[in-house]
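Down below is the structure, laid out as structure tokens.
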Amino acid sequence: MPESRVPNPLAEGGFAALAAQPCTLVILGGSGDLSHRKLLPALYNLALDGVLPTSFTVVAFAIDDWDDGRYRAFARDGIEHFSRRALDEAHWADFERRLFYQKGSFDSPDDYARLKQRLEEIEPRFGIPGNRINYLAIPPRFIATCVEHLNAAGLVNPEGQGPFTRVIIEKPIGHDLASAREINATLAKVFDERQTFRIDHYLGKETVQNILVVRFGNSIFEPLWNQKYIDHVQITVAEEEGVGTRAGYYEHAGALRDMVQNHILQLLCVTAMEPPWSLAADVVRDHKLAVLHGLRTIAGRDVERFVVRGQYGPGFVRGQDVPGYRREEGVQSDSTTETYVAIKLFIDNWRWAGVPFYLRTGKRLPKRASEIAVQFKPVPEVLFNTSPGAPLEPNVLALRIQPDEGIAFKITTKRPGPKVRIWPVRMDFRYDTTYGDQTPEAYERLLLDVMAGDATLFMRRDAVEASWMWINNILDAWTSSGSRWLPEYGAGTWGPIEADRLIQSDGREWRTL
Ligand code: BG6
């Protein structure tokens, strides 16, 4: 290889190929659902893969009156129920001995002092040099308290001085622009942006990372990836589940805040960004941010034209009657929280000028199905496309995020036989057939990246605020309309009729998933 050639970092093991460093993961609020269902199972799978640092421990800090033994039982239960791979006794024994529990209250300075003491006792036993990751698995109202107390207790080293201290924070990062700014400012008082890792678990999904590889690892897509060749893009994140037990949070969030502000706009960024000139975290994140800056504002009266919201009513799912949203436990009987939202948007830049992006997400839709579909422009109306009543079906590249992860490309072919009969067929790549069915969970990748100090797949402060800025206009218009009515759709259907009209008025259709 000539010396001037840049090595291929993907071939060398990932976007960053950095190794996880020895550290302690301190989970504030570590006795909760997130640890049980996601974090502990993810860590266990990393242990099974042999990629956790050998010097690694978990110290959970929470209010429950537990000890290490109780915490280990809690972790075991979480792994037994939620791990993608079954618990194996030999690996469990090694994993379990690295789990510790420290009881403490988020607002007690003495408890943080005790936490520090405990960490200083545990770390030398495992050869950990004092590197720490603080995972804030806590309700947003505790963030300021926790961050201030961690700092006051001497549990935060400045970036670049001594062992590293990092912080992980989960969504929701605020409920509007002002509150997001407040949270970011609170974090910034204590942590440098380089120490701050904001999780959007969609970015940890294999299929989402694959979008970049498909776009920039093949020569055939990128020349077509623009307004000259693309008719429109559809991004769908459909969920079959209803609100479940999360009404307390969801009633104040709704689909726009819960899904669009973060996951769907991140998918949009990855789909629409310009090619970054390197895979360094900030280069990738600068390019994603540019997409958010290019979003055409939807505000005031335009909100009615470009955004549809809806709420599920009663319906029939998997052979069972299910209640409407307003009858779910913890939901107000006159709630106007949207459980569905569809948006038509434009990105005002050279590449995407005039190309509509249609986004939709909802709970209690007929199935769990998420994809990004890029529909190309029709071929000219000559040769095989001369029948105005039966135009050729367009080429569609569908990137399936979940389930049935893969990529499908619809192309036009000739059916065998003496006549020219045109038939659309699908070229289909499926992860499970090609790579086996063991796709890592998003949290596995993301936790490992924090241990390695790679922030590529995490949301930077400016991106979080830019997406809130765009979303806030829509929220403001909804608030000022004061409407107590929003379209209803039956549980188990594809959303309100108004969402169909949104796309049909442009002569297009939502894809059938
Ligand atoms: C979360 C939302 O961020 O993402 C939930 O708060 C939603 O409401 C979930 O159900 C969807 O994630 P996934 O990975 O199951 O598609």
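Name the residue that is surrounded by the most Cβ atoms within 10 Å (Cβ to Cβ), counting only residues in the range 441-492 that are part of a loop (DSSP other than H, G, I, E, B) and within 16 Å of the ligand (Cβ to nearest atom). Checked the range 441-492; the qualifying residue surrounded by the most Cβ atoms within 10 Å (Cβ to Cβ) is L457. Remark: P394 matches the filter, which requires a residue to be within 30 Å of G310 (Cα to Cα) and assigned to a loop (DSSP other than H, G, I, E, B). Restricting to the range 428-440, count the residues that are within 16 Å of the ligand (Cβ to nearest atom) and touching a strand residue (DSSP E or B) at 6+ places or on another chain (Cβ under 8 Å). Residues that pass the stated criteria total 1.
For every residue, the table says whether it meets (1) closer than 23 Å to E371 by Cα; (2) in contact with a Ser or Thr (Cβ under 8 Å, 6 or more places away or on another chain).
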residue: E182; (1), (2): no, no
residue: L187; (1), (2): no, yes
residue: L212; (1), (2): yes, no
residue: P223; (1), (2): yes, no
residue: A255; (1), (2): yes, yes
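Set side by side, the residues R305, R285, R296, R301 differ, and just one is more than 16 Å from the ligand (Cβ to nearest atom), of a type outside the set (V, I, T) and under 16 Å from the mean Cα position of the chain (by Cα), which is R285. Taking helices (runs of 4 or more DSSP H) as the structural unit, those lying wholly within the range 1-101 and holding at least 1 residues that are of a type in the set (K, R) and modelled with pLDDT of 95 or more correspond to 68-82. Would you confirm whether any residue within the range 253-263 is touching a residue at least 60 places away in the same chain (Cβ under 8 Å), within 16 Å of the ligand (Cβ to nearest atom), of a type in the set (G, A, S) and closer than 27 Å to A455 by Cβ? Taking every residue of the range 253-263 in turn, at least one turns out to be touching a residue at least 60 places away in the same chain (Cβ under 8 Å), within 16 Å of the ligand (Cβ to nearest atom), of a type in the set (G, A, S) and closer than 27 Å to A455 by Cβ.
In the set (1) part of a loop (DSSP other than H, G, I, E, B); (2) away from the ligand (no atom under 16 Å from the Cβ), R364 fails one condition alone, (2). Just a yes or no: is a residue in the range 364-384 charged (D, E, K, R) and buried (at least 20 other Cβ atoms within 10 Å of the Cβ)? Checking the range 364-384: at least one residue is charged (D, E, K, R) and buried (at least 20 other Cβ atoms within 10 Å of the Cβ). Looking at the range 361-414 only, could you name the residues that are aliphatic (A, V, I, L, M) and under 30 Å from E328 (Cα atoms)? Matches in the range 361-414: L365, A369, I401.
The single residue among P391, P366, P356, P380 that is closer than 21 Å to W510 by Cβ and out of contact with any strand residue (DSSP E or B) (no Cβ under 9 Å at 6 or more places or on another chain) turns out to be P391.
Across the range 197-232, the qualifying residues are those that are part of a loop (DSSP other than H, G, I, E, B) and within 12 Å of the ligand (Cβ to nearest atom), and the one among them that is nearest to P378 (Cα to Cα) is K205. Listed by position, the helices (runs of 4 or more DSSP H) inside the range 242-328 whose residues that are closer than 25 Å to L203 by Cα and of a type in the set (F, W, Y) number at least 1 are 247-250.
Looking at the structure I just gave you, is P388 more than 20 Å from the chain's Cα centre (by Cα), at pLDDT 95 or above and more than 16 Å from the ligand (Cβ to nearest atom)? Answer is no for this residue. For the range 233-240, the criterion of being within 12 Å of the ligand (Cβ to nearest atom), closer than 27 Å to S335 by Cα and assigned to a loop (DSSP other than H, G, I, E, B) is met by at least one residue. Every condition in (1) over 15 Å from P487 (Cβ atoms); (2) in contact (Cβ under 8 Å) with a residue 60 or more places away in the chain; (3) part of a loop (DSSP other than H, G, I, E, B) holds for T337 except the one numbered (1).
Looking across the range 493-513, the residues that are of a type in the set (A, V, I, L, M, F, W, C), part of a helix (DSSP H, G or I) and under 30 Å from Q332 (Cβ atoms) come down to I497, A499, L502.
Over 18 Å from I211 (Cβ atoms) and of a type in the set (S, T, Y) - does that describe any residue in the range 269-277? For the range 269-277, residues over 18 Å from I211 (Cβ atoms) and of a type in the set (S, T, Y): absent. Selection within the range 398-424: residues that are more than 16 Å from the ligand (Cβ to nearest atom) and part of a loop (DSSP other than H, G, I, E, B). The member of this set that is surrounded by the most Cβ atoms within 10 Å (Cβ to Cβ) is V420.
The values are calculated or read from the model by the stated rules, or taken from the named source; none is laboratory data. All figures in this text were calculated on a predicted structure; none of them were measured in a lab. A quick note on method: Cβ atoms are made from the backbone with ideal geometry, for glycine too, and the neighbour counts reach across all protein chains shown.
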